[in-house]
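Below is one structure, written out as C-alpha cells; the observations come after it.
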Amino acid sequence: MRNDRSGKRVCSRPRASIAATLALLAMAAPVPAAARPAAPVFHPRSDDRPFAEAVELGGVLYLSGQIGEAPDGKGLVPGGLESETRRIMERMGQTLRARGLGLDAVFKCTVMLADIQEWPAFNAVYVSYFKPGRYPARSAFGTTGLALGARVELECLAWAG
Amino acid sequence: MRNDRSGKRVCSRPRASIAATLALLAMAAPVPAAARPAAPVFHPRSDDRPFAEAVELGGVLYLSGQIGEAPDGKGLVPGGLESETRRIMERMGQTLRARGLGLDAVFKCTVMLADIQEWPAFNAVYVSYFKPGRYPARSAFGTTGLALGARVELECLAWAG
Amino acid sequence: MRNDRSGKRVCSRPRASIAATLALLAMAAPVPAAARPAAPVFHPRSDDRPFAEAVELGGVLYLSGQIGEAPDGKGLVPGGLESETRRIMERMGQTLRARGLGLDAVFKCTVMLADIQEWPAFNAVYVSYFKPGRYPARSAFGTTGLALGARVELECLAWAG
C-alpha cells in the first residue's frame, strides 16, 4: 500500500479473487466428494460368528441378517415366528441405539422366511415397529432353511446420517 | 495499518491465510461430504402393503421387490413366469419414470424365482429390457415361495442421478 | 482507505466476511455432495451372461453373485461346496485385483446355499479369506437351487475407495 489511494486497490483485490475461488470451490467440491466415501467401519460381533454386527460405509449402516437369538447367545428365543420377529426388532433397535440411531433410520430390508405361509404373521408384527408412510423398501421370500433353524431372518440397511 | 509501509503487510496477511484455508478446505471437504448423505426419502405405496414403493438415499433409489401384480391390484397377471416378468418390468419402468428415470438407471438386481428351472425363461424376457454392456450386476436363486404365489420377484437398485 | 487509521478497518472487513463464508461453505458443502454420485460404471462380462461382472456407483463396487465356475467357463469346478467356495473367493479376488482392490475391500455379503446344512462347511472356508474383526456384514439362507446347479452363490459389495 504505497499511498492512501492505492491502498484501497490492494485491499479490494483479494476480495474479488476470493469470491471467484469460493464460487469455483462450491461448484467443484460435490463431484469428487460423492465418488469417494471414507473407508468402511466394521462393528465386529463379540462372539466368533463369521460376520460383523454391522458395517458402515458412505452414510449407510449395513446390518447383518438378524435372527431371533436368545439373550444368552444359546440358540433362538422360544415361541416361533412371532416371538423371533419381536426379538429381531428388539436386537436391531439395540444395535442402532448403540450408534445413536433408531428404527426410523431403517430404509431397506430383506425378509427371509423358513415358510412363506408365515408372511402375513411376520408382517403383522413387523409393521408395528414402523410408522405408516415410513415403511422401508423391502423384498421377501421363502427359504429352505436359515441358520440355527430360525423361522425368519431380517437384513436391513439404516441411514447412519 | 499504522503507516503506508506496514499497510502492505496488514493487507497481504489475510491473502496468505485465505489461500491456505481454501487449500485445506478443498482437501478436507470430500471426506465428510461423502459420509453424510441427506435423510432417506420414502415413496410410500398407495395401498396398505407393509413396504414402500421405493426409498431414495445417497443418490440410490432402492426399489422394493416387484412381483407381477395385476393393474387392478387384485393378485397377479395371468400367464405365468413370462407375463409376470413383463409386468414387473413395465411396473418398474412406471415407478422409475415417475421420478424422471428410465430402466437404464437400474444397476443392481436380485432375482427370486419360485422355480430355478425357469431361470433361462426369465433371462430371455429380462435381457430384452437392457442394452448389452449395460446389464445390471445381479444374483438369482430359487425360493420355496413368494408373496401372492408369484413365479418371480425382482428387486432392483437404480441410480437416482 | 482514506487515511492510515481507517485503513485498518477497510482491510479487516473482508477477513470477517471471508471467515463467515468459509464457515458456511464448510457446513453447506456435504449435503449436495453426497446426494449426487456420478453415473454407474458397468464392468460387463466377456461372455453372454445376462449380468455385469460388477457395477460401481458412489464408491461401492456391486459384484454379481459368484458361483464356482470353472476357468474354462464350462460349468462348475468339481468337488462340491468347499472347492466351489475356494473358486468363488479366487475369482472374486481376481475381479477385485483388476480394479486395484483386495478382498479386504469387501464389506457386505449374501450367502445363498443349495443346502443350509452346508452353512458350517461354507463358513470354515470363507473365514480363511478375511481377518478377524474385518468380517463383512452378511446374511445367509438355503435356496431350492442356483444357476448351473451350484452348491453356493456369494454376492458381495466392496469399497471402491
Inter-residue pairs, beta-carbon under 8 Å, first without any contact (Cβ under 8 Å) to a residue 12 or more places away in the chain and in segment A:141-157, second of a type in the set (A, V, I, L, M), 6+ apart = A:Thr144/C:Ile116
All positions within segment C:88-113 that are free of Cβ contacts under 8 Å to residues at least 40 places away in the same chain and touching a helix residue (DSSP H, G or I) at 6+ places or on another chain (Cβ under 8 Å) = C:Gly93, C:Gly102, C:Leu103, C:Leu113
query = If you take the residues of segment B:138-152 that are in a loop (DSSP other than H, G, I, E, B) and at the interface with another protein chain (Cβ under 7 Å from one of its Cβ atoms), which of them is surrounded by the most Cβ atoms within 10 Å (Cβ to Cβ)?
reply = B:Thr143
request  = For residues that are over 19 Å from the mean Cα position of the chain (by Cα) and hydrophobic (A, V, I, L, M, F, W, C), tally how many sit in segment A:141-161.
outcome  = 6
remark   = Residue pairs qualifying under the 7 Å Cβ cut-off, at least six apart or on distinct chains, with the first in segment C:115-136 being facing chain A (nearest Cβ under 8 Å) and the second being crowded, with 17+ Cβ neighbours inside 10 Å and among the β-branched types (Val, Ile, Thr), are C:Ile116/A:Thr144; C:Tyr126/C:Thr85; C:Pro136/A:Val55; C:Pro136/C:Val106
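If you take the residues of segment C:56-74 that are in contact (Cβ under 8 Å) with a residue 24 or more places away in the chain, away from chain B (no Cβ under 12 Å) and in a loop (DSSP other than H, G, I, E, B), which of them is nearest to the chain's Cα centre (by Cα)?
My answer is C:Gly68.
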ask   = Which ones in segment C:75-103 are under 23 Å from C:Asp47 (Cα atoms), part of a loop (DSSP other than H, G, I, E, B) and not hydrophobic (A, V, I, L, M, F, W, C)?
value = C:Gly75, C:Pro78, C:Arg99, C:Gly100
task = Out of the residues in segment C:35-49 that are under 10 Å from B:Tyr135 (Cβ atoms) and in contact with a strand residue (DSSP E or B) (Cβ under 7 Å, 6 or more places away or on another chain), state the one that is farthest from the other protein chains (Cβ to nearest Cβ).
result = C:Arg45
request  = Return yes when A:Leu76 is over 23 Å from C:Pro120 (Cα atoms) and touching a strand residue (DSSP E or B) at 6+ places or on another chain (Cβ under 7 Å) and no when it is not.
outcome  = no
ask   = Which residue out of B:Tyr135, B:Tyr126 is part of a helix (DSSP H, G or I), within 28 Å of B:Gly58 (Cα to Cα) and aromatic (Phe, Trp, Tyr)?
value = B:Tyr126
request  = Give segment B:96-119 a look and list any residue that's among the hydrophobic types (A, V, I, L, M, F, W, C), crowded, with 23+ Cβ neighbours inside 10 Å and within 22 Å of the chain's Cα centre (by Cα), or say none.
outcome  = B:Val106, B:Phe107, B:Cys109, B:Val111, B:Met112, B:Leu113
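Every read-out reported here was derived from the displayed coordinates using simple, explicitly stated rules and does not represent laboratory data. For clarity, every value in this text was computed on a predicted model and none was experimentally measured. When we count neighbours, we look across all protein chains shown, and the Cβ atoms used for this are built from the backbone with ideal geometry, even at glycine.
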